[in-house]
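First the structure, in the form of C-alpha cells, and then the observations on it.
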Amino acid sequence: TVFLGTVRAARVFAAELAAGGAVALVLSSSVRSPLAGLGISNGLRPGLAAVAKELADEHGPRGVRVLSLLPGRILTDRNRELFAATGDPERARAQAEAAIPLRRLGEPAEFGRVAAFVLSPAAGYLTGVAVPVDPDGLPVADRAAEQRLGELVADGGLHQPAQRPGAQHGVVAPLGQE
C-alpha cells in the first residue's frame, strides 16, 4: 500500500544514513487541513507525518534527520489532472489561484529549492517538523480565530504581550486574568 510502502522505505533509508543524513517525506498541505474531495489523501498524509516525527525521534540521536514537506498547490501533472477532471480546467485553475494569496500556483522548481534547503546541512537543526511549502499557511479555522483575536485586541478585550509590563513573549491574557 501507499502508506506501508512509504513507512518501510523511510525506515530503511533513515536506518542506513550516516550522521548528517536527512530523509524528507513529501506529503501535502492536507496534513494541516483536509482538502475537499481528497478523502483518502486527507486520512493518509497526517499519519505519514506522524511516522516522520517518530522516525526523527528514533534516528535523531544518531544525527539523522527526518521531516515532512507539505506542498500546497504546485503546478504538477496531478494538479493538471484535477483541473481537467472538472470539465473546465482553465476555470478550475483560475478558482484555485484566486484562493491563494499570491494568486498563482507554485512552480515545481520553487518546491525543489525549499526541499534542497531543508535537506541540506544549512538546515541541520531541523528534524521532526512538517514544513509547509504553501503561501496559504493557515487553515481557514485558524485564520478565523486569528481575525477574532485581532478584533478582541482592537476592542480592548485583550492586551497584546508588548502592552503588559513583564508579560512573557507570545502570551495573550484576557483582561483581569493577568
Qualifying residue in segment 100-107 (condition: under 18 Å from VAL26 (Cβ atoms) and open to solvent by 30 Å² or more (accessible area, probe 1.4 Å)): yes
Verdict on ILE74 being open to solvent by less than 30 Å² (accessible area, probe 1.4 Å) and either of a type outside the set (A, V, I, L, M, F, W, C) or modelled with pLDDT under 90 (or both): no
Filter result (part of a helix (DSSP H, G or I), without any contact (Cβ under 8 Å) to a residue 60 or more places away in the chain and open to solvent by less than 30 Å² (accessible area, probe 1.4 Å)) within segment 1-31: VAL7, ALA10, ALA14, SER30
Which of the residues belonging to segment 112-151 are over 30 Å from GLU97 (Cβ atoms) and at pLDDT below 60? none
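The values are calculated or read from the model by the stated rules, or taken from the named source; none is laboratory data. Everything quoted here is computed from the prediction, not taken from an experiment. FYI the Cβ positions are ideal-geometry reconstructions off the backbone, even for glycines, and counts take in every protein chain you see. Surface accessibility is based on the protein's heavy atoms, side chains included, excluding ligands, DNA and RNA. Shrake-Rupley method; radii C 1.70, N 1.55, O 1.52, S 1.80 Å.
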